[in-house]
């Protein structure tokens, strides 16, 4: 394929640049400079390479485009407007960053059609792209057959100086190089400007050399403002390198066309009205007109859309023919595209009787993963270099590795993420965004914090990703306070649309997985123990799936103990000890706040009724537990290094300690009727 | 200086290796392989180069040693035992990872003498080292004079494969290269093993090439198991490169001497008893004896300690002579070493009257920083590439830059961190750990989350670092939900020993800085608004410094509104609107939960008494507010992209909305006496 310049090329680029200036000026907020500078690379990519079908934006084999420098989102909104996405009529460009628009300040997956992943927090999109590329490679290796190249799409990503400074992008780049992801092509907008000014003030590394060190194919285009042929050639070359991801460094001028081009002034604020007029005059547009798209530019983008629609149609035919030859695979692919789970998959979840052995919940999780992986082929596991600790790798798993390494192949379903938690989180988001995988991955719960920037974007985007977060609480033991989560439980509980599970036994672990896997648009973090947990009398998958339930009922209880995870069994011990003193107690388990909070108020009130005092017990910060309890028993300092059993003693988390505290609470409030916090809520709701 | 092998070298290295095996075996927990593999590089560094005075571990010009691969901590405990640190008698080596020992599972600053920074969470120590190196460079440029080289120490850091995979280390390495920190020397323990096995499974980049790309001096020692002369030469060469940080890649064998040397099996579990006997036999030690240190090894390490003591003594004399010539600088240095603030510094804090203009608290913070920087020279500012948004750079600040860049010099007190939040957090920890700076640095509050791994180590270590976290809440506006913190307030409030401040006006902003700067062993995060805040009637620095106080008192109130930050003024508006309906309300501001919680219970109860309902109002997750209130008004979903004013309407955060909610709450609980959550606490305390 060679480059032929089209008559509309210059005009299309000028249109994108002028629209970017108009869009940001109209909203009086945003970033005009980067879209103006990246217009030539965007136009070259979209006009010559991108395969997308705006009329069927979810076509599974479409090329993925990721704008990792998401503050430049005017660019993608403009491109998708030109391409005819129904979410993006011209009025939406005029409503940029305004309330309830489809054109928010940074691109949001699920909010606007044609946006593949949520970007803006720098480095996330870069790493999502690696996930999107892994997903394609895995599906191709799993399902493509001779004569049936079903999964062939590329992932194209634009990235800027900001992204490349973020550690998350370094992690993802190193892993992408290791995995030899030839389907991933990044275009680096090297405009030498970040918010603080010239990158000379903080970012002077040799980016090309760095990516070569990661094992990438690297090239550059020195006049990214004008050299369309150079851009075309660089992208073509990158596509031809199939055993390495590619980075194309494109030297551009931020705010190209503006009087202030090349300056940080064009980065994050609208251009002045007279400046915009000058830009338009320079590019042969009417200086006085705003939001103008020449007909031949629309026509050129219609051709791109038509090309994509044709490719989609051809793909559909190919997929049909594939079905004739490979009906089982066809059915499985169709099911996965539709986002449906295999019928009856949940029967694979193990259940436990109280007489079964005490088992660590990380081990219970390993059992679940093994059984579920047998029936749910979309599971794609991994760990941030803690496989033997997280127990994330099921028995017959094959590693996802480039076949040349002889350590696995691309059909493998276990990713060795390396010690790269933040990238792992964002890669899982990319895997989920591709639409055909359920990523699960492990690290210590404490180090989910390293990835919290990606975790909150899972939640905002509604990606079903599952964190196998082992080594819960001080139960982690000897590794000490640097590795013991204290604030982490409440921090995760506070993220909207995220489920933080802290199962207490085998049935609760299965229940947590049941809800996590069924929740199509909600990520989960499962906090799992290193130490053994007894199987509870009174637990079940169904009860756990309510997020909270009564483990030990007692109609004449003097106190309710409410707990989660390993502390539920400790509360049961406390009940026995309290009984010896004639104090009656009931026990409530709340493995997941947000799932419990979504239950009907009457149910919740039956679990935590008014009357006698409620004491919460959890080996974490007590913050947050006041919403369920009158008194709190927890750990509001950092932990310590010692065997777990000794730590539970030191931090007063034994049955004896809890009984003593409960006795105290029961005595203090003896004879008083306390209003349950849930009843306060009920009254406010029912009034 | 040339290398001369000492008779004790081999024996010392053997001793360290055998002790490492013994220490981990005795505790039956820990990591023997890395200490055994790194023994030669550690011994070469300590015997030939390190200048430390174990009898005066805080000598300011000592060389800093950072074990970034902190799981190998048996190594530093052994070295410091041999050197005679009083915290580390042999019994402590025998109490490794046991309760209340000085030898926890990962090294902890402040817990054990001679530990410079807390490491273990991978990549942190690497980045701390950059902070330690910046501190030295800044002090040298500020105070050294002809003939008076007061600040000359090096920072030596050991790092492993795990650290180098973490994004935080990439960020810090890139910045260190940019800043040309010639005083920083890293030794990379390239043992080809991580927890998942051979690094071939996930970490195959060319590390040397990567560091060259960052602008580092790079070398290698191919037989790190034995080649002491090579190690000596590499370190000597690195010291001679004064305008670049250095990375020395040292090929080692993990668990050297063990039957399983070179395998992951030696990484994270004790060696078997017979294997340890074999190791000892191989190294000429008695296989049956444990915890043995030959006399000549002790003698060799005594010589190192004596060399350090002599250097300390000479330095003290030099500093005295410096004082004769430069009495002002001498006094300032002495004050900073003692950790005392300048007398009366707090008079620099601005105060405000209710009639003063409404001002954004990020702008109020800028004023504080400017005034404080004039009188507190230890302030060392910066931003993660958001200087103009965070307003972190005071008027006369000079950038901390290598002088060759002509963008500043090493005496500068403003660091352009680049878009590297996590490294920034860890570098601040390193700056604080050096002991003579108060680091302050900015990013958007939402992106403090990128750095939370470093923030929790600030808190665990007790480092006084101050985060200037601007663009609080949905008040950030158009950038949208990707940039709007929701869970962040509660997440930070839950970290032990961390102050999360959300000041409501000018006096509260000054109050937050007062407490943050005076708190020698506690980090702070200040959440500051983009939007203007009116100056409150009834606020003062003193009241804010209590963490919570009554802003509007009303003895016959029907309801209490408790809020923080921008919502305090909104509550004041609500009071006026409620008054129109005959409902009387009082208003409480809680700018900092943890500071308020530390006040006497009677004071807290006077602020939030029993009786009428208490409604919390904050534009964040309501989680956590039940500890102060009966009903909560907040934002339990993600935000949206729009101008801030419209968002406050959309999320029902106007005076009118709050008044409506308060009216509802007051009516629901009319005639009832509600027990304040603080009274529940009081009863439990006083019983």
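Throughout, read-outs are computed from the coordinates displayed, never taken from laboratory work. Quick caveat: nothing in here was measured; it's all calculated off a predicted structure. Neighbour counts are summed over all protein chains in view; Cβ atoms, including those assigned to glycine, are modelled from backbone coordinates with ideal geometry.
Report the semi-axes of the equivalent ellipsoid for chain A in whole Å, largest first, where each axis is √(5λ) for an eigenvalue λ of the Cα gyration tensor. Can you show the working numbers first?
Working: eigenvalues 518, 153, 102 Å².
Each semi-axis is the square root of five times an eigenvalue, giving 51, 28, 23 Å.
Remind me, relative contact order of segment B:345-456 in percent, using alpha carbon pairs under 8 angstrom and six or more residues apart? Numbers along the way, then the final one.
Numbers: 167 pairs, mean separation 28.7, N = 112.
Normalised by residue count, the contact order of segment B:345-456 is 26 percent.
Placing a label point 7 Å from Cα along the Cα-to-Cβ axis, residue A:288 is separated from the same position in the other copies by 10.5 nm, shortest listed first.
I'd like the mean, over residues of B:92-98, of how many other protein chain beta carbons sit within 10 Å of each residue's own Cβ. Working shown, then result.
Numbers: counts 0, 0, 0, 1, 2, 7, 5.
Taking the mean over all residues of the peptide, I get 2.
Taking one quarter of the surface of the C-alpha convex hull of segment B:421-501 gives a mean projected area of 4.8 nm².
Computed log10 I(q)/I(0) for segment A:7-311 at 0.13, 0.16 Å⁻¹: -0.86, -1.35, from the Debye equation with unit scatterers placed on every C-alpha and solvent omitted.
Computed over the protein assembly as shown, the quotient of the alpha carbon radius of gyration and 2.2 N^0.38 Å is 0.90. Within segment B:547-686, DSSP assigns beta bridges of which about 25% are antiparallel (rounded to the nearest 5).
Judged by the mean number of other Cβ atoms found within 10 Å, the most tightly packed of the peptides A:141-148, A:252-259 leads the ranking A:252-259, A:141-148.
When you count the other C-beta atoms within 10 angstrom of each residue and take the mean per peptide, A:111-121, B:650-660 line up highest first as A:111-121, B:650-660. Distances between copies of residue A:667, taken at a point 7 Å out from Cα along the Cα→Cβ vector and listed shortest first: 4.5 nm. Note on segment A:608-665: Rg/Rh from Cα positions, Kirkwood definition for Rh, rounded to two decimals, is 1.01. The helix-only estimate of mean residue ellipticity at 222 nm for the protein assembly as shown, built from DSSP H runs of length n ≥ 4 each weighted as -39500 (n - 2.57), is -13000 deg cm²/dmol after division by the residue total.
Among beta bridges from DSSP that stay inside the protein assembly as shown, the antiparallel ones total about 15%.
When only Cα pairs under 8 Å and 6 or more residues apart are kept, what is the percent relative contact order across chain B?
Values: 1528 pairs, mean separation 79.8, N = 687.
Relative contact order here is 12 percent.
Taking the DSSP beta bridges with both ends in chain A, the antiparallel portion is around 15 percent.
Note that segment A:345-533, at 37 °C in a medium of 0.692 mPa s, gets a Stokes-Einstein diffusion coefficient of 201 µm²/s from its Kirkwood radius over C-alpha pairs. Helix B:421-434 and the longest principal axis of the Cα set of chain B meet at an angle near 70°.
Distances, shortest first, from the label point of residue A:556 to those at the same position in the other copies read 4.8 nm; the point lies 7 Å along Cα to C-beta.
The three principal axes of the Cα atoms in segment A:546-686 give end-to-end lengths of 49, 33, 22 Å, sorted in falling order.
Within 10 Å of the Cβ of each residue in B:193-199, the mean number of Cβ atoms contributed by other protein chains is 5. Centre-to-centre, using Cα atoms only, segment A:595-638 and segment A:499-530 are separated by 19 Å.
Each peptide in B:166-173, B:524-531 was scored by the mean count of other Cβ atoms within 10 Å over its residues; highest first, the order is B:166-173, B:524-531. Remark: relative contact order (segment B:547-686) = 29 percent; criterion is Cα-Cα distance under 8 angstrom and separation of 6 or more residues.
In this simple spin-label approximation, residue A:86 and residue A:650 carry label points 7 Å from Cα along the Cα→Cβ vector, and these lie 6.1 nm apart.
For residue A:3 and residue B:274, the FRET efficiency from 1/(1 + (r/R0)^6), where r spans their Cβ atoms and R0 equals 60 Å, is about 0.30. Equivalent-ellipsoid semi-axes for segment B:460-618 (Cα gyration tensor, √(5λ), whole Å, largest first): 26, 19, 13. Computed over every Cα-Cα pair of segment B:306-420 and binned at 10 Å starting from 0, the pair-distance distribution P(r) comes out as 12, 29, 31, 20, 7, 2, 0 percent. In chain B, the beta-carbon sitting nearest the axis that superposes B on A belongs to the residue given here with its distance in angstrom, B:167, 1.
Using the alpha-carbon centroid of each, what span in Å lies between segment A:85-155 and segment A:1-21? One Cα centre to the other: 23 Å.
Peptide A:610-617 has a mean of 0 when you count, residue by residue, the C-beta atoms of other protein chains within 10 Å of its C-beta.
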